[in-house]
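The values are calculated or read from the model by the stated rules, or taken from the named source; none is laboratory data. As the structure is a prediction and not an experimental result, all values here were calculated from the model. Positions of Cβ are generated from backbone atoms using ideal geometry, with glycine treated the same way; all protein chains shown enter the neighbour counts.
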Amino acid sequence: MARNKKSGCSCGGCLVKLLIAILIIVLLIGIAVAVVVNMTPEQLGIADIEFNGTTLRELGLADVKIKEAFKFIKDVLNADSGNIVQNAYIPETEKSVSENNLGAAVNVGTGNNGLVYSDILKDKVVYDEEYLYEYKDTTIAFIFQSMLDEGETAASSESNGAIEFLRDIDGRVDEISIYSVSGGYELRAVVSIDISEFKSEIEARIPFGLVKLPDRIYLVSYSSLSADADGELVTSGKAIRINDVESVISDAIFDVLSGKAEQSVDTDEDLGDEQTVNGLIGEGFAAVILNLGRVGTAEYDADTRAVTGEAVFGVSGIGEHSLTVITYTESTAGVRGE
């Protein structure tokens, strides 16, 4: 008598069906994830849900695709200092250049480490006669960092918001670049900050708690640069970025940085606003240059650099990676900018 075959499938056939089922589930999940990451919090209906005291809308993420938001965060977490700092300076070289330019000034003092660069913040730098000096952008970066290294200057006659802000956040000037762009010149400043002491405070302001910041970040400031007929630099903030990328977490970073600086920086504006900080950097740069001299050109003695002809003030004194200034004497120090 013939036996009835058992219903079901062989072991191999069941395994194939199981694998197909798993692949279908994975494919469906993959499709779902692909759809979600290409949607925005607004489309997903989560833009106004509060995370750690703030919403995605308040962080400016309501209309940013999920995949783009994670890319922005990834870019911030993986900063490449070699690409961010594009015009580094050698302190020993620039110290020598700055001392050559400032050594004959009558109101810049000397200390154990050489010139007292903070004296430049106090007033216009005065010489016995007018000279035309060139300042490379790398030399200017060194001068700014030297001011920060010297600490507070109680005798400053006029506050410099940029210097005060950078001191308060323990910033380090890694680069200043002056370069031509279509229709004019641009100023790029790179300041690195060690945030290890307060990065947990920043991370607490970022939704989901997924971001773990590095110990060092870079503020990269961009401003347009020009000069008026009196030789005074004119700047206008264009952009300021964290690690030179448009970052969705920059608001949280600027909020914490402003809290460290708002007590001493003399401004009625909100230091948590990125454009306020960018404006401070540009204005502070212009103020320091104005104390060094008036931007312009003139005929001069090649040996002494003493001005021998009529000076022409303005944008003619701005060049690729450099500025030329005509220095002050006692009689010209009162011209503009007091």
Quiz item: Does ILE281 satisfy the criteria of being on the phi < 0 side of the Ramachandran plot, in contact with a Ser or Thr (Cβ under 9 Å, 6 or more places away or on another chain) and at pLDDT 80 or above?
Solution: yes
Exercise. Give segment 111-120 a look and list any residue that's out of contact with any Gly (no Cβ under 9 Å at 6 or more places or on another chain) and surrounded by fewer than 21 Cβ atoms within 10 Å (Cβ to Cβ), or say none.
Key: GLY111, ASN112, ASN113, GLY114
Quiz item: When residues of segment 301-324 are filtered for being closer than 14 Å to ALA104 by Cβ and part of a strand (DSSP E or B), how many remain?
Solution: 2
Quiz item: Do the conditions hold for GLY171, that is, is it at pLDDT 90 or above, closer than 19 Å to GLY282 by Cβ, assigned by TED's automatic domain parsing to the domain that holds GLY259 and surrounded by fewer than 21 Cβ atoms within 10 Å (Cβ to Cβ)?
Solution: no
Quiz prompt | Conditions (1) over 15 Å from LEU121 (Cβ atoms); (2) modelled with pLDDT of 90 or more; (3) surrounded by 15 or more Cβ atoms within 10 Å (Cβ to Cβ); (4) touching a helix residue (DSSP H, G or I) at 6+ places or on another chain (Cβ under 9 Å): number failed by GLU186 | solution = (4)
Quiz prompt | Counted residues, segment 231-255 - those being over 13 Å from GLN275 (Cα atoms) and either at pLDDT 95 or above or not assigned by TED's automatic domain parsing to the domain that holds ALA311 (or both) | solution = 4
Self-check item: Odd one out for GLU197, checked against (1) under 22 Å from THR276 (Cα atoms); (2) free of Cβ contacts under 8 Å to residues at least 60 places away in the same chain; (3) of a type in the set (D, E, K, R)
Solution: (1)
Practice problem: Identify, by number, the condition in (1) touching a Pro at 6+ places or on another chain (Cβ under 7 Å); (2) in contact (Cβ under 8 Å) with a residue 60 or more places away in the chain that LEU187 doesn't meet. | Solution: (1)
Practice problem: Could you tell me which residue of segment 92-110 is surrounded by the most Cβ atoms within 10 Å (Cβ to Cβ), considering only residues that are in contact (Cβ under 8 Å) with a residue 12 or more places away in the chain and of a type in the set (Gly, Ala, Ser)? | Solution: SER98
